[in-house]
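Here's the structure we're looking at; comments come further down.
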Amino acid sequence: MATEIGHYINGKRIGGQSGRFGDVTNPATGEVTGKVAFATEAEVDQAVQIAKRAQAGWGNMPPLRRQRVMFNLKSLMEKRLDDLARLMVLEHGKTFDDAKGEVGRGLEVVEFACGIGHHMKGDFSEQVATDMDTWSIRQPLGVVAGITPFNFPIMIPCWMGAMAVACGNAFVLKPSEKDPSAPMLLAELFAEAGLPAGVFQVINGDKVAVDALLKHPDVPAISFVGSTAIGEYVYHQGTERNKRVQALCGAKNHMVIMPDADLDQATDALIGAGYGAAGERCMAISVAVAVGDVGDRLLDKLAPRVRALKVGPGIDPQSEMGPLVTRQHRDKVLGYVDQGVKEGAKLVVDGRGLRLQGYENGNFLGGCLFDQVTPDMTIYKDEIFGPVLSMVRSKSFDEAIGLVNDHAYGNGTAIFTRDGDAARAFANQVKIGMVGINVPIPVPVAYHSFGGWKASIFGDHGIYGMEGVRFYTKLKTVTARWPTGIRAGAEFNFRARG
Ligand code: NAD
């Protein structure tokens, strides 16, 4: 029996009104486990109006009280960590340990938000002119919305929601329709933590709900994380209506392996970063750039490890890699592997034939490893978002960095080397937002900020950390004096201060 998943509005779960639903499936079995409601424009409006009323009080509350709610949320998320993780395993497919790790990454941002009083505190300059002072403050925007992808159903809503709410906004989340149950539980935890009803709401749905948020005059800011095509659409639609928009998008992350790299470490890094979460991470490594003579040696170590990957249902503690999120997505990834073969890349490990007894209807795909991939191939240009790693051979460091810089995407990258000079040059010259030196997935800790370059982002702000504070607040600067008995007369001209 499929469970009906509605919306979380005004402090409670409610059913959908549209009569339109999407299937939520267990990726390991293919079974339809839920029917998620798709909101109408009117339901989105209802959520926004409730949020608007709730924000008035919440935004005016002392930050100390807002951050106490964040402290409560932190302990509740820790207490319910296994429940949050289990919901993700059942709808997303990732392994249980990986799902718990995801909650941990979301918690980091909640922890950062626990110090929001400090992060929002303004600047004060005394005596900017005689008896005149200036101070700058940051105030919330009002009702802000977040549109999130399927691959991190808890972490990304925390990146946005914890920051938005701690800054004094009300937040309307439109999570992915593929795995909505964990975000619904997150909304309940916010409420249990003491957040007033209406400040964090979940509206489930598809394009209709997204468009309603984009058009809504009472939503001045939109955060989006998802694919580049949809992110670009959201960015244009939102900014055309003078909204503030941050859209973090797709990726094709290269890891450059220099001839002096520790190859055991590099192999471990490629296995974890290429195949962890079945490659469904925006910071997954999907291209290994082997410099000089390192390619053959690396391939000798890598190929047996890819063949030996333990693929199985995420709930099985033995599984290193779970299924892909949907059958449709699995087939799309399979199509890319076929295309790679057709275009002449060498498929060193072919995971296409993988069948798991008892899970014949699951969306499984074994790890795939390509060698001799070239920049003109589709599998090099496109984001595949699956367990497919492409090796590109490069003659020199300069050629390798040229490859990274010429690629359309610019989310993350890494270099593996023992040479500090090469590492420094790489970090300095590479046109990518997040760079790892002997770190394959350089996701910044919560008190730094996350964001790519090029086709991996639209908008000027990264997400969480101080970038999050800046995105979710407006700057106001006050200049004041309290003259007693002095009359300077009308001043028609600017003059230098001091
Ligand atoms: P997606 O773009 O299909 O969906 C993202 C959100 O947009 C979902 O909430 C979805 O319901 C909505 N949406 C989908 N189609 C829409 C349409 N036509 N109009 C309006 N809204 C629409 O992305 P996904 O498949 O859920 O997630 C995977 C993508 O997200 C990958 O490209 C991945 O790289 C990217 N991602 C990026 C980051 C980052 O920080 N840069 C992080 C995680 C995932």
Query raised in the report: Among rounded, prolate and oblate, which fits segment 227-330 when a ≥ b ≥ c are the square roots of the eigenvalues of its C-alpha gyration tensor, a/c under 1.5 means rounded, and a/b larger than b/c means prolate?
Result: oblate
Report summary line: Amide H neighbours of VAL128 at under 5 Å, excluding residues fewer than 5 places away on the same chain, with H built from the backbone geometry, are ASP133, THR134
Report summary line: HN-Hα couplings for segment 370-386 via Karplus (6.51, -1.76, 1.60; θ = phi - 60°), in whole Hz with x for Gly/Pro, come out as 9, 10, 6, 7, 10, x, 7, 7, 4, 5, 8, 7, 8, 7, 8, 6, x
Query raised in the report: Near the amide H of THR40, under 5 Å away, which other amide H atoms are found, from residues 5 or more places off or on another chain, if H is placed in the peptide plane?
Result: GLN17, SER18
Query raised in the report: Taking the Cα atoms only, what angle lies between the long axis of helix 327-342 and the longest principal axis of the chain, rounded to 10 degrees?
Result: 60 degrees
Query raised in the report: Which whole-angstrom value gives the distance between the alpha carbon centres of segment 428-498 and segment 173-247?
Result: 23 Å
Report summary line: Checked against a 29 Å limit on the C-alpha separation, the offending pairs among LYS207/LYS310; LYS12/LYS74; LYS12/LYS100 are LYS207/LYS310
Query raised in the report: Which of the lysines could a cross-linker bridge to LYS474, judged by Cα under 18 Å and excluding same-chain residues fewer than eight apart?
Result: LYS52, LYS121, LYS243
Query raised in the report: Taking 0.36 nm per intervening residue step and subtracting the Cα-Cα distance, what contour gain separates ALA129 from SER396 on full extension?
Result: 90.3 nm
Report summary line: For LYS395, the lysines lying under 29 Å Cα to Cα, once residues fewer than eight places off in the same chain are dropped, come out as LYS252, LYS301, LYS342, LYS346, LYS381, LYS431, LYS454
**Report entry** Expected 222 nm ellipticity per residue - DSSP helices of 4 or more, -39500 (n - 2.57), all of the chain, to 500
**Finding:** -12000 deg cm²/dmol
Query raised in the report: How big is the charge dipole of segment 91-205 about its Cα centre, in debye rounded to the nearest 20, if each Lys and Arg gets +1 on its Cβ and each Asp and Glu gets -1 on its Cβ?
Result: 280 debye
Query raised in the report: If you take the square roots of the eigenvalues of the alpha-carbon gyration tensor of the chain and sort them as a ≥ b ≥ c, do you get rounded (a/c under 1.5), prolate (a/b over b/c) or oblate?
Result: oblate
Query - Mean separation of Cα contacts under 8 Å, 6 or more apart, over the residue count of segment 253-437: relative contact order % - result: 28 percent
Report summary line: On the accessible surface of the chain, probed at 1.4 Å with all protein chains in place, carbon and sulfur together account for a percent value of 50 percent
Query raised in the report: Can you give me the relative contact order of the chain as a percent, contacts being Cα pairs under 8 Å and 6 or more apart?
Result: 18 percent
Report summary line: Nearest 10, in degrees from 0 to 90: the angle of helix 397-406 to the longest Cα principal axis of the chain is 60 degrees
Query - Phi to ³J(HN,Hα) by Karplus 6.51 cos²θ - 1.76 cosθ + 1.60 over segment 347-364, Hz, x for Gly, Pro - result: 7, 6, 10, 10, x, 5, x, 4, 10, 10, 4, x, 10, 4, 9, x, 8, 7
**Report entry** Solvent-accessible area per residue for the chain (1.4 angstrom probe, square angstrom)
**Finding:** 42 Å²
Requested in this report: Count neighbours as other Cβ atoms within 10 Å of each site's Cβ, and list the trypsin sites (Lys or Arg not before Pro) in segment 173-271 that are DSSP loop with at most 15 such neighbours.
Outcome: ARG241
Report task. Pop out the ³J(HN,Hα) list for segment 428-441 in order, Karplus 6.51 cos²θ - 1.76 cosθ + 1.60 with θ = phi - 60°, rounded to Hz; leave Gly and Pro as x. Result -> 6, 9, 6, 9, 9, x, 10, 10, x, 10, 6, 10, x, 10
Requested in this report: Using only Cα atoms, tell me the angle between helix 41-60 and the longest principal axis of the chain; keep it within 0 to 90° and round to the nearest 10.
Outcome: 60 degrees
Query - Positive-end residue, the chain charge dipole about Cα centroid, Cβ charges, pick of PRO220, VAL478, ILE432 - result: VAL478
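The values are calculated or read from the model by the stated rules, or taken from the named source; none is laboratory data. None of the values given here were measured: they were computed from a predicted structure. We place every Cβ from the backbone using ideal geometry, glycine too, and count neighbours over all the protein chains shown. For the accessible areas, the whole protein counts, side chains as well, though only heavy atoms, and no ligand, DNA or RNA atoms are used. Shrake-Rupley method; radii C 1.70, N 1.55, O 1.52, S 1.80 Å.
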